[in-house]
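In what follows, a single structure is set out as structure tokens and then discussed.
The values are calculated or read from the model by the stated rules, or taken from the named source; none is laboratory data. Please read all numbers here as calculations on a predicted model, not as lab measurements. Glycine gets a Cβ as well: all are built from the backbone with ideal geometry, and neighbour counts include every protein chain shown. Please note that ligands, DNA and RNA were not included when accessible areas were found on the heavy atoms of the full protein model with its side chains. Shrake-Rupley method; radii C 1.70, N 1.55, O 1.52, S 1.80 Å.
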Amino acid sequence: MNTHGVLLLLAMAPGVAQPPAGPPSGPPAQEAANDPWQRGRALIDAGDVEGGLLLWTDARDSLTAAGAHDPRIGTQFIEAVAEHGLGRLTEAATEMFYWGMSAQGPFGEEIRDEILAEGRRTFALTDSEVADYWIGAGRENPEALALAIKMFWIERDPTPTTPVNERLVEHWQRILHARRNYVYNHSSPYRTDDRGIYYVKYGTPDRIIKGHLGINSAERRSAGISDEDWARFDRQPQYEIWRYAKPDERDFYYYLFGNVEGVGRFQLVEGLHRLLPSNARVYKHNDVRFQYYLERFYYVDLARIGGPYGLRLAELERLWGGSRAPSEGFLEAASQQFIEDDRWLAREPRPPAASEMDDAPRSALSAQAARVLAGDEPRILLLAVSSPIWRPRIEKGALGDSLVLAPFVARHTVVVRDRGMNEMARAGMVPVDGQDDISTVVLRHPDAIGHLSVTAEHRVEDEGADEGDADIGVLPGQRHYVVGSPLRRGETEFEVSDLIVGLAPRPELSLDGVPVPLLPATRFWRNDLMRVYFEIYQPSAVPEGETGEFDVRISIQRLTGPVLPDQPIEGRAVITVTLESTAPEGEHFFGLDLRNERPGNLRLVLEIVDKATGATRTRVTPIHLLAN
């Protein structure tokens, strides 16, 4: 959306006040008058929200012309739009957020602090190792952190070919809901207590139970607990349990929040043992530590949500159900087992974040982006193959027992961005031999290109619909690539293309228009024979037709965690061979048997050494091996 469109939309909105004609007097006021963020903030705080947004929209142009960006404006623009329900401005809010994170420094201290704060708000949605890396890097290089934030949200846009990032808008709506509802303290990056973190990450739980844990009067009488002991040890901590369904499983994740040791800060806790007062672990009543009485009766409340808490209550009722009090040894064993179970559950892998937008129907898209050379000219080769989702066959008005691929029309688009993650161009990819579900394009590769998004859109047709109303929706799919520097053919050193991986084409499938001998894929079954393709470009000084010898090593690296920048590359070699390659460029491919590999996320690593000069090139591509 262009600036004039945003200005016109805001100016026509009812109740929009124009910014003051001139700055107020006095040194502090003069400083605020020269800072468009402060001026817009003052208008919003005074109740003129749209006036403040209009001022910021206007200020963006002047700041950009001066080669500057203000992340405070970007984040607080989208915050104001979400907080005040200005749905018609979500397109402008997305654009302003991206602009604010475009990393045109140098930045003053307040702006550096805002980038770090936004980094914490964003990377709280990721693996903790990723969050720690980027927050640490951001302290030294806020510009790099700002670009990482921008890339994070661009790559999670459910509709990458439209101007609105619905997932980013939802993120801010969740933050504002959390700030209104989960504020026993402000310990999280969102200025909420720990519940706010999980609401922003996962949305509304499918079930919540809450209240105060305690021993009621009937329970006290049955256990013979005096009023004095009850007052000393039963501190009646506040608690909440949030339950979320596990994806693709008939099971749940549970999150327990409460007051640490019964009186401390309200926060996420590992288990019930964190809510018990320490003195209850040493004081005994009827030769039984008081903590066991608390556990027995507290689990009555927690068991209302079922799951592991219901099972534990059943175990405790079995232990306490005899005519005599159970021995301390049995109670201690049960208590320790519960603690170990809680610690095991806390280590269970959890999704970094979740949204209904993540679960929306998607097209299956496999794409490859590889740097190549055409003569001496650097190029980027893009390949894409896709299909919409399968659906049940309808037979005589009822669901059949088989799946069919709905008729569809596919369109693949590439969005090109510079190293500041600003869009440079977008283009449709070219279908191969009339098969619009397979397409390719070759782009020139100037230094400025830093990021590519390949998108697939499938217009699915409903055979049973009336003519003129046959489309039942457009299913999006997308892949993203960070692009390295353009390849250069040297006078004395060779160069290697990026890896392209996929499957050998089936005999019945014509791929005459595909520039490499494979069907692109990055997800494989263990029984698939993967094809690995690359090109070797010999130095310009080598005469055409002359051959050179190269040592080639292909390795597989198992990924046990997130991939971070500058992470060492190690792996188990699966192919080691010396091959000859003809100048000026040679095309090479190998078949790779995956049957001995364990399913999961892997990286394929290619290392090539020129035997004549000792020069080395390394190329890496991620793949995923599915369980059969």
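In whole angstrom, how far apart do the alpha carbon centroids of region 158-187 and region 418-447 sit?
What the calculation gives is 32 Å, centre to centre.
Return a whole-number percent for the relative contact order of region 165-271, with Cα pairs under 8 Å and 6 or more residues apart as the contact set.
After rounding, I find 21 percent.
How far is helix 128-140 tilted off the main Cα axis of the chain, in degrees rounded to 10, range 0 to 90?
70
Hey, what do the phi angles of region 370-376 turn into as Karplus ³J(HN,Hα) couplings, whole Hz, using 6.51/-1.76/1.60 and θ = phi - 60°, x for Gly and Pro?
In residue order, the calculated couplings are 9, 6, 9, 10, 10, x, 9 Hz.
Please report, as a whole percent, how much of the solvent-accessible surface of region 492-582 comes from carbon and sulfur atoms (probe radius 1.4 Å).
Ligands and nucleic acids excluded, carbon and sulfur reach 48 percent.
About the Cα centre, and with charges only on the beta carbon of Lys, Arg (+1) and Asp, Glu (-1), how big is the dipole of the chain? Nearest 20 debye, please.
The dipole magnitude comes to about 2000 debye.
As a test of the definition: which semi-axes, in Å, follow for region 53-170 when you take the square root of five times each eigenvalue of its alpha carbon gyration tensor? Largest first, please.
That gives 21, 19, 12 Å for the three semi-axes.
In percent, what relative contact order does region 292-386 have, based on Cα pairs under 8 Å that are 6 or more apart in sequence?
So the answer I get is 15 percent.
With +1 assigned to the C-beta of every Lys and Arg and -1 to the C-beta of every Asp and Glu, and no other charges, what is the dipole magnitude of region 493-562 about the Cα centre in debye, to the nearest 20?
Approximately 680 debye in magnitude.
Sequence gap of 8 or more, or different chains, plus Cα separation below 29 Å: how many lysine pairs satisfy both in the chain?
Lysine pairs meeting the criterion: 6.
Scan (i) 69, 26, 22; (ii) 38, 31, 23; (iii) 50, 37, 26 for the value of semi-axes √(5λ) of the Cα gyration tensor in Å calculated from this model and give just the label.
The value computed from this structure is option (iii).
Angle check, please: helix 109-123 long axis (alpha carbons) against the longest principal axis of the chain (alpha carbons), in degrees 0 to 90, nearest 10.
Compared with the principal axis, the helix lies near 80 degrees.
Rounded to a whole number of µm²/s, how large is the Stokes-Einstein D of region 494-559 at 4 °C and 1.567 mPa s, given Rh as the Kirkwood radius over C-alpha pairs?
It comes out at roughly 89 µm²/s.
Report, by chain and number, residues whose modeled amide H sits under 5 Å from the one on ILE209, excluding near sequence neighbours (fewer than 5 apart, same chain).
HN-HN under 5 Å from ILE209: ILE241.
So what's the gap between the Cα centers of region 208-238 and region 305-359, to the nearest angstrom?
About 20 Å separates the Cα centre of region 208-238 from the one of region 305-359.
For the chain, what does the accessible surface come to per residue with a 1.4 Å probe? Please give it in Å².
48
Cα centroids of region 569-610 and region 38-106: how far apart, whole angstrom?
Region 569-610 and region 38-106 have Cα centres spaced 49 Å from each other.
Relative contact order for the chain: what percent, with Cα pairs under 8 Å and sequence separation of 6 or more?
Averaging sequence separation for qualifying contacts and normalising by length gives 7 percent for the chain.
Could you state the orientation-averaged shadow area of the convex hull built on the Cα atoms of region 210-364, in nm² to one decimal?
If you wrap the Cα atoms of region 210-364 in a convex hull and average its projections, you get 10.7 nm².
Which semi-axes, in whole Å and largest first, does the equivalent ellipsoid of region 531-628 have when worked out from the alpha carbon gyration tensor as the square roots of 5 times its eigenvalues?
For region 531-628, the semi-axes come out at 29, 15, 11 Å.
How large are Rg and Dmax for region 471-620 when only the alpha carbon atoms are used, in Å?
Both quantities, over Cα of region 471-620: 17.3, 60 Å.
What number, in nm² with one decimal, is the all-direction average of the projected area of the convex hull of the alpha-carbon atoms of region 95-234?
Mean orientational projected area (region 95-234, Cα hull): 12.6 nm².
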